[in-house]
Structure formats: structure tokens, C-alpha cells
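Down below is the structure, laid out as C-alpha cells.
The values are calculated or read from the model by the stated rules, or taken from the named source; none is laboratory data. Every value quoted in this text rests on a predicted model; they were computed, and no experiment measured them. Counting neighbours? That spans all protein chains shown, and the Cβs are built from the backbone with ideal geometry, glycine included.
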Amino acid sequence: MPLNLKTKTIENLKSADKPYKISDGGGLSLRVSTAGSKTWVSAYRFQGKQKTLTIGNFPEISLKEARDAHNLARGILKQGRDPGAPPEADKEPPLTFGVLAENFLKDFMPRVKPITFMGIKRMLEIHLFPRLKDLETAKISPKDVSAILEDVKAVNGPFAAAHALTICRKVVSYG
């Protein structure tokens with residue numbers, strides 16, 4: 001990628017009747033507005049669409065910093081991600097009780113007898129999953145668990161409720 005711009009050249013750029021761009025090469029350009037402000041932009045193509053990423057204004061962002069940011073954006077693009085997407089798009093989705101319980105079961109299965117494993121899985125499927133499966137683990141309140149335990153106790157007795165609480169604790173502490 002030819003590096004066409006020099007700092008002195010950028011400093012000498014003047015506003016015009018219409019906004020214009022001056023290219024540094026490889027998709028990095030400097031946009032000059034009619035008011036004279038100079039903004040670094042990086043042009044790229046993501047999933048077949050032409051996009052631009054605004055890097056910042058000159059002189060707050062120097063030529064070297066703009067080139068570094070442009071190269072960083074190109075690296076993100078090579079990883080198959082959109083460099084212009086908000087950072088939240090890269091975050092993993094919140095961990096739900098159901099996902100955590102499935103991972104717990106996979107790790108727990110080889111360490112116990114099959115009958116014990118089936119009892120735990122059944123307790124999860126019948127009593128805990130209907131109300132907790134889609135909840136984020138961080139948002140499960142003691143009130144949620146207490147309501148489930150009351151229902152389990154009413155149907156299956158206090159021992160089953162204690163067992164459900166133990167399983168729930170194991171799953172949540174697993175995460």
C-alpha cells in the first residue's frame with residue numbers, strides 16, 4: 001500500500017466549496033470539510049457491502065496513529081469481523097442456566113454412576129428447566145429458586161426439594 005500523505009501536506013490542506021477526500025492508499029483517506037475540519041476515514045468491504053470507519057480528526061489523530069488504526073481495522077477484517085461494529089457485537093451472549101446446566105452435565109456424567117446422573121438430569125428437566133432454563137445465571141434470584149423449591153416440596157416432599165436445591169447450587173457454582 002503506497003503511503004502518499006505527509007504531515008506537512010495535511011497541515012497545508014485548505015477547505016474548498018465542496019468537501020473532498022485525499023487518499024493515503026489502501027483505503028485510508030482524509031476527508032476535508034467545507035469548514036476545514038480534517039477527518040480520517042478507513043474504507044473497507046464487509047460481507048459484500050462498502051463501508052467506512054471514522055478514525056478521528058487531524059491533528060488529534062496523527063498520520064501515524066491513523067495508519068495504525070487503519071491497519072488494526074484491516075486485521076479485524078481479516079478475522080472475519082466488522083471493524084465498524086460496536087464492541088458489544090463481539091461479546092459472548094450471557095450465560096443462561098440451561099447452557100450452564102448442560103455443560104455441568106457433560107462434565108459431571110463420567111464421574112458418577114448412571115443412575116445418579118439420570119436422577120440429576122431428570123430433576124433438572126422436570127423441576128428446574130421449565131422456569132430457569134432461559135434465565136441468565138446472574139439474574140436468578142433467591143425468590144425464583146424458593147418458588148421452585150416450594151412447588152417441588154408440595155409435590156415430592158422436603159427431601160426432593162433439598163435435592164433440587166443441591167443440584168441448583170452445583171450448577172450455579174459450576175459456572
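A quick yes/no check of all residues on (1) closer than 18 Å to Ala73 by Cβ; (2) surrounded by 13 or more Cβ atoms within 10 Å (Cβ to Cβ); (3) in contact with an Asp or Glu (Cβ under 8 Å, 6 or more places away or on another chain):
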{"position": "Lys6", "(1), (2), (3)": "no, no, no"}
{"position": "Ser15", "(1), (2), (3)": "no, yes, no"}
{"position": "Ser23", "(1), (2), (3)": "yes, yes, no"}
{"position": "Gly26", "(1), (2), (3)": "yes, yes, no"}
{"position": "Thr34", "(1), (2), (3)": "no, no, yes"}
{"position": "Gly48", "(1), (2), (3)": "yes, no, no"}
{"position": "Leu53", "(1), (2), (3)": "yes, yes, no"}
*State all residues of region 108-151 that are out of contact with any strand residue (DSSP E or B) (no Cβ under 8 Å at 6 or more places or on another chain), surrounded by 12 or more Cβ atoms within 10 Å (Cβ to Cβ), over 16 Å from Thr166 (Cβ atoms) and at pLDDT below 90; if no residue qualifies, say none.*
Met109
*Would region 133-153 turn up any residue that is closer than 30 Å to Lys8 by Cβ, among the basic types (Lys, Arg) and assigned to a helix (DSSP H, G or I)?*
no
*Kindly list, by first and then second residue, each pair from a residue in region 27-38 that is more than 18 Å from Thr52 (Cα to Cα) to a residue that is of a type in the set (Asp, Glu), limited to pairs with Cβ atoms under 9 Å and residues at least 6 apart or on different chains.*
Thr34/Asp17
*asked:* Could you check region 88-107 and list, in sequence order, the residues that are without any contact (Cβ under 8 Å) to a residue 24 or more places away in the chain and either surrounded by 13 or more Cβ atoms within 10 Å (Cβ to Cβ) or of a type in the set (Gly, Ala, Ser) (or both)?
replied: Ala89, Val99, Glu102, Leu105
*With the checklist (1) surrounded by fewer than 16 Cβ atoms within 10 Å (Cβ to Cβ); (2) aliphatic (A, V, I, L, M); (3) touching a Gly at 6+ places or on another chain (Cβ under 9 Å) in hand, flag the one item Ala154 doesn't pass.*
(3)
*So Gly175 fits all but one of (1) in contact with a Ser or Thr (Cβ under 8 Å, 6 or more places away or on another chain); (2) at pLDDT 90 or above; (3) not basic (Lys, Arg); what number is the exception?*
(2)
_Are there strands (runs of 3 or more DSSP E) fully within region 1-48 with at least 3 residues that are modelled with pLDDT of 90 or more and closer than 11 Å to Leu63 by Cα? List them._
28-32
_Let me confirm something: among Arg81, Arg131, which residue is touching a helix residue (DSSP H, G or I) at 6+ places or on another chain (Cβ under 7 Å), within 30 Å of Ala43 (Cα to Cα) and free of Cβ contacts under 8 Å to residues at least 40 places away in the same chain?_
Arg81
*Give the residue that is surrounded by the most Cβ atoms within 10 Å (Cβ to Cβ), with candidates limited to residues of region 56-82 that are of a type in the set (S, T, N, Q) and part of a loop (DSSP other than H, G, I, E, B).*
Ser62
_Flag if Ile55 is touching a Pro at 6+ places or on another chain (Cβ under 9 Å), of a type in the set (A, V, I, L, M), modelled with pLDDT of 85 or more and farther than 30 Å from Leu128 by Cα_ = no
_Failed condition for Ala85, given (1) surrounded by fewer than 16 Cβ atoms within 10 Å (Cβ to Cβ); (2) at pLDDT 90 or above; (3) of a type in the set (Gly, Ala, Ser); (4) under 25 Å from the mean Cα position of the chain (by Cα)_ = (2)
